[in-house]
Amino acid sequence: MKKINIYISLLAILFLAGCDYNEEHFSGYDSNLVTDVVAYSGEYTGEYPDEGYFTDRTSLTTAVDKMLKGIYLYNDKNSTAKVSILYGETTPGFSLPKEDYSLKAEDYDSMGKGAGQPGEHDYFDASMDINGYLIDFVAKKYASLKEGDIVTLYYLFNEADGKKETLTTSFKKEAYGWDKTELNSFIASYYYTLIADDYKEMGNGTNEPGEKNYFTSAMNIDGYLGSFLRMQYPYAIAEKTAVVVYNYLEKGAVITKTSVYEFDGTNWNSYDPYAPIMTVTTKIADMKYDGSNWSLNLLIGGSVEVTIKKDELLYLVEWVKNNKYAYWVDDLNEFYYGSAAKWGEVNNNYTNWKANDPNNEYASLSDDQLQALMDKRISEGFASHVLPALYSDPNPELSYDVSYNVYRGNRAGWNIVSFMYDKDKKVFYEIAAPAKRR
């Protein structure tokens, strides 16, 4: 019994002595944490704002930083992450001119009623100088507008087959006069002006449109006009639009008002073509870690996954054979980029590289220095030779995430490096350095 107690006591003493030894000879030993450079790829799993998507980069960065810190408690500077996330962007609606105007019969008449003139039939056709007529018209009607103002005119055009359609042209007032300009103008699928019979069909009882052939603020105008449009255009398809001109009682006077509607496939709904449009898409938040926080590097439209195998590595072997022959080993291997095409791998074996060192540039390098050179070379090889061979028309809005399997080296296994395409320079460029894929 005493022997057992003695053995236990000795073990306890050795254990305590061991703890003291570590602390004494390796200061901070017990508190040192193993860290690593990581390359994360996945979906956002944190909380979204009430809208269900992010609309600004600041709040997105804060949220993704929180999520990644929850996943990686300890990681090194230069870690990267690509996080799929919902992001809303506002784009302008249709442009609104200073003035817009639909030509009436008397306007066509004012341009001439003789043979071949607009007033002859109250429309334009291909034989007429339409821009000339319209510029003269707008210069007289809108002489008081200032330089830079835009006027949009709607007019009837007679096609060769006799079909008439409403067209639009915009004009901008310049210092020298009026000139045609491009404007993202709204053009409805249908234009309709209510007549007396239309009001009657909506009801001619007390406080109904047909009572006095106008609408008032007490009436459900959108309801009446939505029902009217369903009957007027029974074969309309979704996303068709309609402009309705009607009479409206305002402050004791009957005025003309216009409302715009869009068909959703079932109903005609009130529609504002000039309102900003919110478009929500899945973006890729490209994040980088600075040692303390994750920050947003790029917000990318999406990503393309590229996996490097034998065929892709053969592009590098062939290039080295033709341009860096001293580094070429055979039709499957080279030691400028490190291609080992037979196995579909990138060879990062330091011993192999130093044994195939025609210019004596590897021999004096430490393992870390050699690894840095390997990373730089392989990234350049993918950007200059592999990706251009794979993608003849690359999308500059996307990230090209290249995964490759590494043999030996300090990051043996699957690695990833990411690129984007500069359409002006026509080159791929690195946006995330090679790192271990997690």
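Brief remarks on what is shown
- Any chance TYR404 is in contact (Cβ under 8 Å) with a residue 60 or more places away in the chain and not in a helix (DSSP H, G or I): yes
- If only residues of region 422-438 that are farther than 19 Å from LEU316 by Cβ and not basic (Lys, Arg) are counted, the one that is nearest to the chain's Cα centre (by Cα) is ASP422.
- Residues of region 292-328 classified as within 30 Å of GLY70 (Cβ to Cβ) and assigned to a strand (DSSP E or B), total: 13
- The number of residues in region 427-438 that are in contact with a Phe, Trp or Tyr (Cβ under 7 Å, 6 or more places away or on another chain) and assigned to a strand (DSSP E or B) comes to 5.
- Positions within region 100-145 being loosely packed, with under 14 Cβ neighbours inside 10 Å and closer than 20 Å to VAL243 by Cβ, in sequence order: LYS104, ALA105
- Selection of first residues in region 179-192 that are within 16 Å of LEU225 (Cα to Cα) and of second residues that are of a type in the set (Gly, Ala, Ser), restricted to Cβ pairs under 8 Å at least 6 apart or on distinct chains, gives the following pairs, ordered by first then second residue: ALA188/ALA242; SER189/ALA236; SER189/ALA242; TYR190/ALA236; TYR190/ALA242; TYR191/SER102; TYR191/ALA242; TYR192/ALA242.
- Per the conditions (1) among the polar types (S, T, N, Q); (2) more than 24 Å from VAL427 (Cβ to Cβ); (3) touching a strand residue (DSSP E or B) at 6+ places or on another chain (Cβ under 8 Å), the sole criterion not satisfied by ASN395 is (2).
- Here TYR350 fulfils each of the conditions (1) without any contact (Cβ under 8 Å) to a residue 60 or more places away in the chain; (2) out of contact with any strand residue (DSSP E or B) (no Cβ under 7 Å at 6 or more places or on another chain); (3) within 30 Å of LYS283 (Cα to Cα) apart from (3).
- Count - residues of region 412-426 that are surrounded by 14 or more Cβ atoms within 10 Å (Cβ to Cβ) and assigned to a strand (DSSP E or B): 8
- Subset of region 213-237 (residues that are surrounded by 13 or more Cβ atoms within 10 Å (Cβ to Cβ) and not in a loop (DSSP other than H, G, I, E, B)): PHE215, ILE221, ASP222, TYR224, LEU225, GLY226, SER227, PHE228, LEU229, ARG230, GLN232
- Among the residues of region 363-391, those that are in a loop (DSSP other than H, G, I, E, B) and loosely packed, with under 11 Cβ neighbours inside 10 Å comprise SER364, SER366.
- Within the set LEU68, LEU60, LEU86, the sole residue that is surrounded by 13 or more Cβ atoms within 10 Å (Cβ to Cβ) and part of a strand (DSSP E or B) turns out to be LEU86.
- Any hit, region 274-285, residues being surrounded by fewer than 12 Cβ atoms within 10 Å (Cβ to Cβ) and without any contact (Cβ under 8 Å) to a residue 24 or more places away in the chain: no
- Qualifying residue in region 191-208 (condition: within 30 Å of ASN131 (Cα to Cα) and under 38 Å from the mean Cα position of the chain (by Cα)): yes
- Lone unmet requirement of (1) hydroxyl-bearing (Ser, Thr, Tyr); (2) in a strand (DSSP E or B); (3) in contact with a Gly (Cβ under 8 Å, 6 or more places away or on another chain) for THR256: (3)
- PRO394 meets all of the listed conditions (1) outside any loop (DSSP other than H, G, I, E, B); (2) under 26 Å from the mean Cα position of the chain (by Cα) but one, namely (1).
- Residue within region 326-346 that is under 34 Å from the mean Cα position of the chain (by Cα) and basic (Lys, Arg) present: no
- Pairs, first under 13 Å from GLY291 (Cβ atoms) and touching a residue at least 24 places away in the same chain (Cβ under 8 Å) in region 59-81, second in a helix (DSSP H, G or I) and of a type outside the set (Lys, Arg), C-beta under 9 Å, six or more apart: ASN75/LEU68; SER79/LEU68
- Residue satisfying all of: in region 238-253; in a loop (DSSP other than H, G, I, E, B) and of a type in the set (D, E, K, R); surrounded by the most Cβ atoms within 10 Å (Cβ to Cβ) among these: LYS240
- Any hit, region 145-155, residues being assigned to a loop (DSSP other than H, G, I, E, B) and basic (Lys, Arg): yes
Throughout, read-outs are computed from the coordinates displayed, never taken from laboratory work. What you see is a predicted model, and the numbers here were worked out from it, not measured in a lab. Methodologically, a virtual Cβ is constructed for each residue, glycine included, from the backbone with ideal geometry; neighbour enumeration extends over all protein chains shown.
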